[in-house]
Amino acid sequence: MYSDILTLCWSIKEVNKNLADRKPTTDYSITYLKNACSKLAGLVREAGKSKPGAVIEVVDKSGQKKSIALNDVAEMLYDARKIMELNLIDNISRWAKSGTSSGGK
């Protein structure tokens, strides 16, 4: 599960990075990002079910650390503003990496 989450996070970051190098985004890229975030939301939601009480640490705009439940993070993945504001993809990636280093699947 963690490796799937890491792969999706990497893919989302790469597509986003490539879009920054180009003129206005293509419909295909936007559709891909929406679908990838939706799939990532499903994986995060699944992780939340298998690890109740698990949270992801984020830093909000005011610099305050927050712990957000996985199910709430999954819902935020449908809101582009929240994804950017809370740097969700990087935070999810960091969380998944810590899961793989602690022996998770």
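Using Cβ point charges alone (K and R +1, D and E -1), the dipole size of the chain about the Cα centre works out to roughly 100 debye. Based solely on its DSSP helices, what 222 nm [θ] is calculated for the chain when runs of n ≥ 4 H residues each add -39,500 (n - 2.57) and the sum is averaged over all residues, nearest 500 deg cm²/dmol? Mean residue ellipticity at 222 nm (helix-derived): -21500 deg cm²/dmol. With a cut-off of 10 Å between beta carbons, the residues surrounding residue 60 carry a summed charge of +2, where Lys and Arg count +1 and Asp and Glu -1. The Cα-based radius of gyration of the stretch 39-105, divided by its Kirkwood radius, gives an Rg/Rh of 0.95. For the chain, a Gaussian network of Cα nodes joined below 10 Å ranks 33, 19, 70 by mean-square fluctuation, and the top entry is 19.
Every number here is computed from the coordinates shown, using simple stated rules; none is lab data. Since the model is a prediction, treat every value here as computed from it, not as a measurement. With ideal geometry, Cβ positions are generated from the backbone for all residues, glycine too; neighbour counts draw on all protein chains shown.
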